[in-house]
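The values are calculated or read from the model by the stated rules, or taken from the named source; none is laboratory data. If you're wondering where the values come from, they're calculated on a predicted model, not measured in any experiment. Ideal geometry is used to build each Cβ from the backbone, glycine not excepted, and the neighbour counts take in all protein chains shown. SASA here: full protein model, heavy atoms, side chains in, ligands and nucleic acids out. Shrake-Rupley method; radii C 1.70, N 1.55, O 1.52, S 1.80 Å.
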Amino acid sequence: MANLNTWTVTDSNGASHTIERKTGFGGNKIIIDGAVYKTKSSNWFINLIDYQIQFPGLNCNLVVIGNKADLSVNGTYLGSGKAYEPVGSIPAWIWVLVAVSAIGGWFFGGILCMAIGIGLSTVYVQGYLEKKMNKVWIAFGAFVVIAIIFLLLNLFLLAV
């Protein structure tokens, strides 16, 4: 199933340009005035794209984080109205939380707890990229609670 986002911008010469983002089985594609460009995520864990597009008098950046996309035109996002900030790299401490959630989930609760940990890991990465640290710590706290519950259930089942 394809996901499609479309924006139309007008450059300083008065020419209208259409920018589309399409996802599907063929990967991420950016279509600019009918020309197709394949893009790859700069991160192996979460879809992370910051694609620069130049038109006369316009500096555009198509930014994709996870499944959310927004177009920045001359430093302002069209969707949110916020100022554009280049997508940065993810620090090591986020990857430590991801590893703790995946490996700790396996040791404390087996495959189900590991799957929950990996699912919450996407929230850690996305929360960091959105600069919402409280989202990161709430998600990690939820994982710790879930892992403790799984550990206690496993200990109870061993005792029975």
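Brief remarks on what is shown
- Filtered residues of the range 55-86 (kept if at pLDDT below 90, open to solvent by 60 Å² or more (accessible area, probe 1.4 Å) and either touching a Lys or Arg at 6+ places or on another chain (Cβ under 9 Å) or among the charged types (D, E, K, R) (or both)): LYS68, GLY79, LYS82, GLU85
- Boolean, LYS38 is open to solvent by 40 Å² or more (accessible area, probe 1.4 Å) and more than 22 Å from GLY119 (Cα to Cα): yes
- Just one of the listed residues (LYS131, LYS135, LYS68, LYS82) is in contact with a Gly (Cβ under 6 Å, 6 or more places away or on another chain), of a type in the set (Lys, Arg) and closer than 25 Å to ASN28 by Cβ, and it is LYS135.
- Test: residue in the range 5-13 that is farther than 19 Å from LYS132 by Cα and in contact with an Asp or Glu (Cβ under 6 Å, 6 or more places away or on another chain): yes
- Some residue of the range 87-103 being closer than 16 Å to VAL9 by Cα, open to solvent by 30 Å² or more (accessible area, probe 1.4 Å) and either among the acidic types (Asp, Glu) or over 12 Å from the mean Cα position of the chain (by Cα) (or both): no
- The set of residues from the range 120-139 being surrounded by fewer than 13 Cβ atoms within 10 Å (Cβ to Cβ) and under 13 Å from SER89 (Cα atoms) comprises just one member, LYS131.
- Any hit, the range 5-21, residues being open to solvent by 80 Å² or more (accessible area, probe 1.4 Å), closer than 18 Å to CYS60 by Cβ, touching a Lys or Arg at 6+ places or on another chain (Cβ under 9 Å) and part of a strand (DSSP E or B): no
- Yes/no for ILE46 being modelled with pLDDT under 90, closer than 20 Å to MET133 by Cα, in contact with a Phe, Trp or Tyr (Cβ under 7 Å, 6 or more places away or on another chain) and open to solvent by less than 30 Å² (accessible area, probe 1.4 Å): no
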